[in-house]
1. Can you tell me which residue in the range B:97-122 is surrounded by the fewest Cβ atoms within 10 Å (Cβ to Cβ), limited to those that are away from chain A (no Cβ under 13 Å) and outside any loop (DSSP other than H, G, I, E, B)?
2. Restricted to the range A:109-127, and to residues that are more than 27 Å from residue A:260 (Cβ to Cβ) and of a type in the set (A, V, I, L, M, F, W, C), which residue is surrounded by the most Cβ atoms within 10 Å (Cβ to Cβ)?
3. Do we have residue A:494 as surrounded by fewer than 15 Cβ atoms within 10 Å (Cβ to Cβ), outside any helix (DSSP H, G or I) and not hydrophobic (A, V, I, L, M, F, W, C) here?
4. Can you name the number of the only condition in (1) under 21 Å from the mean Cα position of the chain (by Cα); (2) free of Cβ contacts under 8 Å to residues at least 40 places away in the same chain; (3) more than 30 Å from residue A:490 (Cα to Cα) that residue A:266 fails?
5. In this structure, is residue B:335 closer than 24 Å to residue B:417 by Cβ and either of a type in the set (Gly, Ala, Ser) or in contact with a Gly (Cβ under 9 Å, 6 or more places away or on another chain) (or both)?
6. Can you go through B:360, B:281 and tell me which one is assigned to a loop (DSSP other than H, G, I, E, B) and closer than 19 Å to residue B:460 by Cβ?
7. Mind checking which helices (runs of 4 or more DSSP H) fall wholly inside the range A:352-462 and carry at least 1 residues that are under 26 Å from the mean Cα position of the chain (by Cα)?
8. Counting just the residues of the range B:370-423 that are among the acidic types (Asp, Glu) and in a loop (DSSP other than H, G, I, E, B), which one comes out surrounded by the fewest Cβ atoms within 10 Å (Cβ to Cβ)?
Amino acid sequence: MLRKKLFFRPAFVPALLVLLSLALGGQSFEGIKKQVKTHVLPNGMKLIVLERHDVPVVSFHVYADVGSANESYGITGISHILEHMAFKGTTTVGTKDFAAESKVLEELDDVYAQMKREESKAAPDQAKVAELKAKFQDIEKKAKDYVVNNEYFDMMMRQGDAGVNAYTSSDATQYINYLPSNRLEFWMAMTSDRFLNPVFREFYKERDVIMEERRLGVETQPTGKLMEDFMAVAFKAHPYHHEVIGHMSDLQSIRRQDVADYFKKFYGPSNLTVAVVGDVKADEAFPLADLYFSRIPSGPKPEPVRTKEPEQWGERRVTVSAKSQPFLFLGYHIPDAKSKDSPALEALANIVGRGRSSRLYQNLVKDKKIAIQASCMSGFPGDKFPNLIVFIAVSAQGKTSAECQAAIEEEIEKIKKESVTEEELTKFKRSTIKGLLGQMKSNTQMAAMLAYADVVLGGYEKVFDQIADYRAITAEDVKRVANQYLVKTNRTIGEIIPEK
Amino acid sequence: MRKRKTIKTSIAGLCLLAFITGAAYAQKAPKDKFVFGPLNPIKMPKVERAELPNGIKLFLVEDPEYPTIDLWAMVKAGSVFEPADKTGLASLTGSVLRTGGTQSKTGDQIDKELETLAATVETGIGQTAGNIRVSVLKEDLDKALAILADILTNPAFREDKLNLAKIQQKTMISRRNDDIGSITDREFSGLMYGKDSPYARQTEYATIDAITRQDLVDFYGAYFHPNNTYMAVWGDFKSGDMIAKLKAALGPWKKGKPSTLPWPKVNYEFRSTVNYVEKPDVNQSNIMLGHIGGLMNNPDLPALNIMNQILSFERMFKRIRTDEGLAYSVWGDYGASYIYPGVFSCGAQTKSQSTVYAIDIMLQELKKITEQEVSDEELEKAKDGYLNSYVFNFESKSQIVNRLMSLAYFGYPLDFTEKQKAGVEKVTKADVLRVARKYIQPGKVQILVVGKKEDFDKPLSSLGQVNVIDIAIPAPKK
């Protein structure tokens, strides 16, 4: 139900592994890779299983290859709305009598449509609007009588689900469960039902919840406002243009039918990948998946996003005026995660902007003392499509974003001329491995990585196989990508301007 | 002991009540009722305990799966022991201990050395404990331990890094009103403990300016002794070897005066108040209401945990979020802490126009939980959820060893988690009502609203006399 991105950055994964084999001597990732088993159902849904029998628990990760980048004008935020609606139950979960309930739900949609039609007239009849509104509220109450409040959550939590949740990003919608491992079949039953027989009940109230979520994350947060406007300016055409949460006016207007259509288009089995990591057996999980998930009819893989971000014609700048101290974003367009330049860009971001000995921290925080935080990340806001490498500075008291920008530019120019040192490259490679080891310990993060790699990088094996690309990164590569992408005409500057 | 439970799922299909463990692949039809076979046993890792000659209390767990080693130590110290006019001293001591370097190396040299190894050695001092964290690839353990020992025995607290840390602290003060959520947390904490209490007081420009390098040296010297230290270590090692390595590396860290830690008392007077912080640039109110909470060693804690689950999810979430669509995040929780009373709070963020309406509902729900027993179903769901997810307390070796170390640090019995479970198994509806009545006082809550009053549905004065809290930041001295 949360709208947030995963904490870890799966795009780093490959680099981590490079060094692992270096650092670990004989130990190789071929061993782990061989333990991963996959199964594709006749309807196109893919399962990835990694058995781990230490603790009797299991993590499930359903990766729907659809996110806010699949949305168009008028329905921004709908991927995230659908994520919320997936917790509202099915034809049998969350209802006392679906047959009766479904009639009332249709009636409700009908009155809602009439109300909207009247409201959108040049001269709406206010009495009629009020009458329809009262009628709408009446029917909404009637519909509520059929609902078993949060039954899906209740059932999962009651079975010990310690992580029932979901996340929507620009690229994907991901559903998470952690259960005691003897609940494997229960999960199969509950989850297949969710995709087979969803019912989008309590829709209008949930839209209200999501509007509160937007106020919470964007409208009351100066940095949230900046992020939204920054993306809107950096991406003029590609749908990374809009925030995952969507525009308020769209949230106020999206209908239940829009959600049903969107579900039909994007939630077919060919667009779903499931990773299961924990104390289960693949040869039990696969037949169960056949039994439960094969009930979902197959459909075509949805058409890819058409719009591409065109070449930028000049530097762009956006400001948000807020009751806040200054804040600075500098973003440069870079290619997607599958690009051959991705590893070198990761190395660049890491060396420039992560850790106390990174170049930005050294220059802005330690030496010039103009910032308390200065960092850099790539893969923003997603990495399935061409995205941004972003430099962020939080200026120190009494210092300005202009000073921070100048210092960041100084560091960028240095890399364009001299590149990074061998020592820095080694540091990047080792820290990336170490980070991966940390992630691999967790069933949940492992499941997330396998699903991500399978969908975005083109195969779960890429987690292991891209090692070679990372091993090959040279200082010359980093210099080349810096010169290719970190140019002024390719960048957007975003700033919070303090309001008195 | 594991209970077998039947649950209603009513997913279309056959109703099989087969006992499934392993024979699932023979199954021909989806089920809509489940009886769960026994869960594979939780293999408890062996936690080795030892005490080094200099008094460090060790908790070790071998975890050979990945070639890394991690360490977390808690040192008897805390910001609650710093003088009020030097608020921020503990935090500065904890960070400059690491960044200020040692007699032989600057902090910057240590940064570079560690990052080249992909290792971390970090120190800090929080409210009720000092912390040391080390994370390293197995092969680099000796190097990381040598750095840690150097930091603990020869800290230099270099002036330039103190000044840098002061800039960071002052910048944080200057930015503390930028985020409505942190304003709410901070001011609510002030209402609960008193704004000058060691549990709630804030750093100010003046308190940061008052701190000298000598203060850091003295604060460190007063508390950071091996015999004040509890240390958990987990990863790819043999316990015997690890003890020997730690003994050799940290041996030069000499014993000092044991901390007695007289935790400051909390004197809470139950009262109803209405408090308001003006935030004219928002369209959503941040609401918290409640009163003081309790300690984790309370024998009623299992019943309180069940009550919390019912109050937060069954009542607040289902009504305020699901039925009313008033908020994204909403809760009701009787907080309990290790050594000083936690806070009982309910909260939500709702559009300005539904502020008082949402508060009214929260108050109604508080009243209700202290007046009527919860339903059988609510109780069963909450208990099943707790007991079925209990296995996640043992999901990783790090989690297990860290929990034991924290329990020991705060003087709690090491079987605390197991006892909580036994307690939860026995909780009844009468218990839930009894603890709700005993610990929650719906008539005496303090309400805090941060938002824009012009847009509220009703004036806050409809809830009581309004106390306006001024959050203006006292200006730095020129």
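1. B:102
2. The residue in question is A:127.
3. It is false that residue A:494 is surrounded by fewer than 15 Cβ atoms within 10 Å (Cβ to Cβ), outside any helix (DSSP H, G or I) and not hydrophobic (A, V, I, L, M, F, W, C).
4. Among (1) under 21 Å from the mean Cα position of the chain (by Cα); (2) free of Cβ contacts under 8 Å to residues at least 40 places away in the same chain; (3) more than 30 Å from residue A:490 (Cα to Cα), the lone unmet condition for residue A:266 is (2).
5. yes
6. It is B:281.
7. A:422-440, A:443-456
8. B:415
The values are calculated or read from the model by the stated rules, or taken from the named source; none is laboratory data. As the structure is a computational prediction, the values presented were derived from the model and not from experiment. Cβ sites come from the backbone with ideal geometry, for glycine too, and all protein chains shown count toward neighbours.
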